[in-house]
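Right, one structure below, let's go through it.
The values are calculated or read from the model by the stated rules, or taken from the named source; none is laboratory data. This one's a predicted model, so the numbers in the text were calculated from it and none came from an experiment. Cβ placement follows ideal geometry from the backbone for every residue including glycine, while neighbour counts extend to all protein chains displayed.
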């Protein structure tokens with residue numbers, strides 16, 4: 001009989017010899033050519049998640065500089081004190097004996113200078129200054145006030161149209177005067193803001209919850225451990241908490257009410273809210289410079305200009321600088337250039353100033369004039385998925401302290417941090433940070449949906465009080 005051979009799969013796998021233990025031999029493994037639905041060995045799996053981006057959350061700024069307080073209404077209103085002294089910077093001097101004070105809003109006369117007042121008159125640059133006596137005041141029908149003046153040194157020579165500066169420094173009356181003085185009501189400005197509703201959710205199907213998979217993580221809060229399928233829920237919560245702060249920083253009030261997104265139900269309009277940047281653009285100080293904080297171009301002249309404006313606003317002496325990386329390094333370079341200690345002006349700031357040990361090329365604070373500044377990096381301006389993606393905002397100067405304002409709801413003066421958050425809350429519902437679960441998974445049977453939905457909601461707004469004490473640092477480079 002002729003010898004034959006088998007060519008089937010049994011013969012092809014005859015070289016495999018099973019072993020009773022999980023031990024590797026030269027005849028008990030499957031090659032990929034043997035079985036195309038698996039691999040030779042299971043891959044080596046790292047169960048610990050790699051922290052590729054470090055601490056990814058950007059929240060914390062408002063917790064450092066402000067506070068959170070409840071409110072029951074859908075709008076918060078506060079009043080801020082006005083200037084104490086009387087001054088105008090858009091005056092017209094038509095002749096040596098006549099000054100025109102412009103009208104205020106509409107046709108309402110806002111002139112507060114009366115007969116007998118003594119004034120300082122300066123040209124548009126403020127470098128040519130004269131003094132005069134107001135002998136008469138007449139109000140034209142348009143609401144514009146015309147002052148008759150007499151210069152102490154003769155004819156007034158400062159002239160200009162709409163750009164002359166005037167302020168009252170006192171008054172003088174003759175003997176036996178009657179009807180003296182000008183009544184001036186205390187000036188104040190009223191501001192308001194409204195909360196916005198922020199929502200988000202995380203959804204996981206019932207089938208996915210039955211597929212157990214553990215991941216070892218280190219959270220942004222610093223805790224470590226294992227998370228099951230709710231790892232994504234955990235990150236959704238962190239993302240939502242970041243959005244709570246980002247919305248307070250970036251929110252804008254709509255010029256006209258916007259139509260809500262289709263299919264979401266609820267109200268009929270979206271109005272927005274005033275965030276930090278919007279409030280500072282409208283009511284605060286904005287310092288713009290094409291090369292501010294570009295690592296060496298920043299000089300004391302930039303800061304001196306800022307200090308000069310703070311003086312005009314009567315700002316408090318202690319301020320915090322929240323900066324992006326470029327501006328922070330620019331300030332470090334500026335300060336290092338002022339210190340002549342050591343070779344080449346280098347200052348050794350740690351290990352008892354030993355140059356053999358370490359260099360400290362950073363500064364956490366400094367004093368210039370009568371102002372103290374404490375500097376810190378603001379992660380929100382550096383992160384590639386937030387303002388670090390844009391680059392127009394380089395930092396914010398925030399006053400360290402509180403402001404005294406008149407609270408319309410309480411009916412009295414109160415002290416509040418310059419920055420603080422108001423959130424909706426009452427005995428029935430606290431909307432500071434709500435979280436609830438719907439669906440049919442996890443023992444929470446609220447619907448026939450085979451899923452678990454984790455909902456997040458908050459209703460809040462930011463109050464920026466005394467915005468004239470803040471400075472928004474902007475880059476105007478093309």
Cβ pairs under 9 Å, 6+ apart or interchain, first in region 61-74 and in a helix (DSSP H, G or I), second exposed (fewer than 12 other Cβ atoms within 10 Å of the Cβ), ordered by first then second residue, are none
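On the basis of being modelled with pLDDT under 80, in a loop (DSSP other than H, G, I, E, B) and either in the same structural domain as residue 77 (by TED's automatic domain parsing) or exposed (fewer than 12 other Cβ atoms within 10 Å of the Cβ) (or both), does residue 267 make the cut?
It is false that residue 267 is modelled with pLDDT under 80, in a loop (DSSP other than H, G, I, E, B) and either in the same structural domain as residue 77 (by TED's automatic domain parsing) or exposed (fewer than 12 other Cβ atoms within 10 Å of the Cβ) (or both).
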All but one of (1) out of contact with any strand residue (DSSP E or B) (no Cβ under 6 Å at 6 or more places or on another chain); (2) surrounded by fewer than 17 Cβ atoms within 10 Å (Cβ to Cβ); (3) modelled with pLDDT under 90; (4) at negative phi hold for residue 467; which doesn't? (2)
Failed item in (1) exposed (fewer than 12 other Cβ atoms within 10 Å of the Cβ); (2) closer than 30 Å to residue 445 by Cβ; (3) at pLDDT 70 or above, with residue 212 passing the rest: (3)
Hits in region 436-464 - residues which are part of a strand (DSSP E or B) and loosely packed, with under 14 Cβ neighbours inside 10 Å: 436
With the structure loaded, tell me whether residue 91 is in the same structural domain as residue 149 (by TED's automatic domain parsing) and modelled with pLDDT of 85 or more or whether it fails that test. yes
